[in-house]
């Protein structure tokens, strides 16, 4: 019995083609847009995540216990060792691809008898680019630290300009060492970091080699932070206990979720917006289905009466109309999702290049979408269609055959 | 516009005249006199002093510095560090608004700012190298809660002064500094100091021990102890020239 009901439903859907096409198009468009935007957002969120994790933080970080709660991150009281034995413990954790050490500190940079307060970041020139290769994208001109030598420095244009130094010139960093005693060392300004006007956490900022800073701050074999790289960023949480076990309880292990929580916040905000837009699209499309089915029921009143009088059960009438709506929703949904997926896969393969004015490296976005999401929105479209057809279908199933037959 | 000013001026003038008698009762020192007294006690016209500064840090450890400070007749100050070993050979110089530190490893002097920490402790560079409150602050007398103390409210005349605002208490009997509170422009309390242990250094009486509490990081504090202070000595002007640092 059911297959014949399906056959009748399909035939009914194709009876008023123009109306079905319009309804079908609404569902098609809604699903196409939902899958397309989801795919684009997935790509953008992955790019955002990568640009932070591979450009600044690393997937996980190790600090001395209490570091994350300390008032200033440039405190030299809470340090981690950077000797080979300690680093080996971290490298020994399976899945760790690269390890690098950093020191964040503040100081006065002096040149031409002027000085400027600056935030400085000391990095291991060789290992840093294994953990954070995107750092290199931020050097707009000049050399890298690895090419620049043992006292090389990469400075923001704001910092260099305020001191009146040009690439190739020398400057001096004056700061307090771990004990508070002043110390100063000369730097060679070899590279420019970022471009003026680009949003940056600190306008006056610079990079120096790790060994240079260890000398300047008189903290041999010490750093304020160790960052590691892993293959898949979403597995960071599973590495946390393993790294913690490797380094011991005197240290704290954090993931990019902890140090760059704004990524998760931004992603959550984007998703909420997408869900709202998707819900509105889908709601409008489903209103179309409800309208179509109601029209259908009204038009086919006599037909319903005839069916009932030849012995078709009320339940079957209900099922017939729900089936018709379900077919419209599912078909429109499948084709819409297919069109959206086609867009996602095409650009996922080709990549979308976004170049914002003033940005050094263009953004490469590779849209992706999961099978789970496609199945979810298809279910939503079909289920929603059935739900929105419920009232017209119930109305049809509750008609009295005599009255229905007599209707004009 | 012209009518406007001619109207405002007499009003503000009369206000100023009215407020004048409030500044000091007859027989009491004026704010300016007390400020001059502070400078005279803490930073006499010329001196050659030996001091220690001990910085007590958050983690409970402490670091001590020993240095010599020299002041010229025209208000220039130079210091030499002897201890600890890491600071040995470092020198500081202030001439007017300019401050430099000489680094022996670079054999070169670099600019310092008066509001930066003095060797990582809770005194700032201005506290040590720039004690000329008459030049740097305008003073107003206020009523102290303690009847034995005078209270001054000091406002910085320029950004180069060590602090934006200072509340300074002096004892009424000997007119020696007793305590002080140092504020940011926002009104936030940054540091507080207690002046103690008045000693006679070759005929000059002054507090020999200053405790400076860090009110932002309350576990931190620093002490400055005057070991010796000679006055009225002839110092060649050459000692207060930038090129002389390191020699």
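The values are calculated or read from the model by the stated rules, or taken from the named source; none is laboratory data. As the structure is a computational prediction, the values presented were derived from the model and not from experiment. Note that we place each Cβ from the backbone using ideal geometry, even for glycine, and neighbour counts take in every protein chain shown.
The table that follows gives values for the structure above.
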item	result
Top-ranked residue in the range A:82-100 [being under 34 Å from the mean Cα position of the chain (by Cα), surrounded by fewer than 17 Cβ atoms within 10 Å (Cβ to Cβ) and not in a helix (DSSP H, G or I); ranked as nearest to the other protein chains (Cβ to nearest Cβ)]	A:92
Scan of the range A:245-268 for residues that are in a loop (DSSP other than H, G, I, E, B) and surrounded by fewer than 17 Cβ atoms within 10 Å (Cβ to Cβ), ordered by number	A:248, A:249, A:250
The range B:114-137: number of residues that are more than 14 Å from chain A (Cβ to nearest Cβ) and modelled with pLDDT of 90 or more	1
Residue in the range A:208-230 that is surrounded by 14 or more Cβ atoms within 10 Å (Cβ to Cβ), farther than 30 Å from residue A:177 by Cβ and modelled with pLDDT of 90 or more present	yes
Test: residue in the range B:34-52 that is at the interface with another protein chain (Cβ under 9 Å from one of its Cβ atoms), touching a strand residue (DSSP E or B) at 6+ places or on another chain (Cβ under 8 Å) and modelled with pLDDT under 90	no
Unmet criterion (only one of (1) under 30 Å from residue A:296 (Cα atoms); (2) at pLDDT 90 or above) for residue A:369	(1)
Enumeration of residues in the range A:218-241 that are touching a residue at least 12 places away in the same chain (Cβ under 8 Å) and either assigned to a strand (DSSP E or B) or closer than 20 Å to residue A:84 by Cβ (or both)	A:219, A:221, A:222, A:223, A:224, A:225, A:226, A:227, A:228, A:229, A:230
Condition check for residue A:181: touching a helix residue (DSSP H, G or I) at 6+ places or on another chain (Cβ under 6 Å) and farther than 19 Å from residue A:104 by Cβ	yes
Positions within the range B:139-159 being under 27 Å from residue B:97 (Cβ atoms) and touching a strand residue (DSSP E or B) at 6+ places or on another chain (Cβ under 9 Å), in sequence order	B:139, B:140, B:152, B:153, B:154, B:155, B:156, B:157
Only listed residue being touching a strand residue (DSSP E or B) at 6+ places or on another chain (Cβ under 7 Å) and either surrounded by fewer than 22 Cβ atoms within 10 Å (Cβ to Cβ) or under 30 Å from residue A:194 (Cα atoms) (or both), chosen from A:372, A:351, A:305, A:311	A:351
Options A:394, A:371, A:377; residue that is farther than 20 Å from residue A:12 by Cα and touching a residue at least 60 places away in the same chain (Cβ under 8 Å)	A:377
